[in-house]
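Have a look at the structure below before the remarks.
The values are calculated or read from the model by the stated rules, or taken from the named source; none is laboratory data. Everything quoted here is computed from the prediction, not taken from an experiment. Glycine also receives a Cβ, built like all others from the backbone with ideal geometry; neighbour counts cover every protein chain displayed.
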Amino acid sequence: MGIDRRQFLGASATGGTAALSAACGRERKAGESRAPALRMEELGRIASTPVLRLDGLTAPVVIQSIRLLKKDKEYFVHVRSKDGAEGISLPNPPRPEYLTSILKQLVIPFFIGKDARDLENLLWELYRWHDNYKLYGLALWSPQAWVEFAILDMLGRILRKPMGALFGPVQRTEIPFYVASGRRDTTPEQEIEHLKKLVAESGAKALKFRVGGRMSRNADAMPGRTGTLIPLVRKTFGDAMDIHADSNSSYDVPKAIEVGRMLEDIKAVYFEEPCQFDHLEQTKAVADALTIPVAGGEQEYSDWRFMWMIANRGVDIVQPDLHYYGGMIRSMRVARMADAAGMPTTVHISGGFGFVYMLHFASVVRDPGRYQEYKLGTEKYGAWFDPPLTVRDGKMSVPVGPGVGIASIKDVIQGAAEVA
Ligand SMILES: [Mg+2]
């Protein structure tokens, strides 16, 4: 069943802080501007607190090599220490096709010879190294994330802990998910058939579909699609289905509010990226006007802007992308700030193997929101894990093996060639 924005924030905030009750303790009328949740200075202090916990790792873990490998269409980043420890990551397709030069020239060389235990502090030095900060955004953060994930895998294997446990106690071993349609080429009737198929294949109890036209300045994907589809999804799937909608930056403020009202009418869970992703004030105006929670952040690249969004309630749910935002450590800092303000952090995931990093992230943050995104993928990657990943009753299992949880690096990269 759907849940309104105020109930959502209250329900998801058990164990929250005094700041939370100050922010959410009274009923807010739609359109009323919301008080800042926490001051920027306080959020800055929270964000600067270390997130990576490597207790028990007493000997240096000196990085000897980092290699980019490819097998069929899949890329791997492989790291090895001087003592022979190793780890791997899987980059987000198709980014390695054109970000390989940044990875190989501006990210990998920085890490060679460094102690992997300093990973958290090294990220700042990497940002400054060779003026890398001038490239910040998806183009720098994705290669950084690939190396970070591989190093975290290696550290987890050394400590015999799953990746999530490197950031605190694992809170949950199963993650409820919504299944996401990535389509806009469908008529409302075709989209319903597509959603039915996704729900049947995955067993999802929640779904997400696309509204608007994607960065379309209010134009719909086809005339009348959004207005027909929104009530039709509720009518088709009934009250038990939890519904999410994503406009991918389609609207200005008045149109976003109009579509948001339709989503409120069907008691949707949240409304994602209503306005252009980097127009924070427009997004906040929509969030202030609506009672449905507004989610955003998948294309946010700046620590300071996430801080602004949290301090000013620019959104209700923050969504850093684990690849586009530079990895688990940076995203975990956002989650720490959001948590202090009583806001959930529901990470955005890039396709392919990305959901596995999401599982680790969602296993350890206090409030990951009600559902995580699932774009299918366990059928391809699930058997790499021991025990294999499962999708059951609308939930995915969190990997329990050390590091990212892949049982045998050797088996997975067998036959892969180094990318020159
Ligand atoms: Mg989105």
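General remarks:
- Any hit, region 211-224, residues being touching a residue at least 40 places away in the same chain (Cβ under 8 Å), buried (at least 18 other Cβ atoms within 10 Å of the Cβ) and not in a helix (DSSP H, G or I): yes
- Per this entry, Glu300 is counted among residues that are farther than 24 Å from Gly394 by Cβ and not assigned by TED's automatic domain parsing to the domain that holds Tyr136.
- Residue count for region 392-420 satisfying the condition of being hydrophobic (A, V, I, L, M, F, W, C) and either assigned to a loop (DSSP other than H, G, I, E, B) or within 21 Å of Lys375 (Cα to Cα) (or both): 9.
- Taken over region 295-333, the criterion of being among the β-branched types (Val, Ile, Thr) and without any contact (Cβ under 8 Å) to a residue 40 or more places away in the chain is satisfied by Val315, Val318.
- Per the conditions (1) out of contact with any Asp or Glu (no Cβ under 7 Å at 6 or more places or on another chain); (2) in a loop (DSSP other than H, G, I, E, B); (3) among the charged types (D, E, K, R), the sole criterion not satisfied by Glu298 is (1).
- Filtered residue count, region 283-305, keeping only those that are within 16 Å of the ligand (Cβ to nearest atom) and within 17 Å of Ser249 (Cβ to Cβ): 11
- Among the candidates Ala245, Ala287, residue that is under 24 Å from Pro176 (Cα atoms), buried (at least 24 other Cβ atoms within 10 Å of the Cβ) and of a type in the set (A, V, I, L, M, F, W, C): Ala245
- Close pairs (8 angstrom Cβ cut-off, 6 or more residues apart or separate chains): in the same structural domain as Gly369 (by TED's automatic domain parsing) and part of a helix (DSSP H, G or I) in region 267-294, within 14 Å of the ligand (Cβ to nearest atom) and polar (S, T, N, Q) anywhere: Gln282/Gln276
- Of all residues in region 343-355, those that are part of a strand (DSSP E or B) have Cβ atoms under 8 Å from Cβ atoms of residues that are away from the ligand (no atom under 15 Å from the Cβ) and of a type in the set (Ser, Thr, Tyr), 6 or more apart or on another chain, in Thr345/Ser331.
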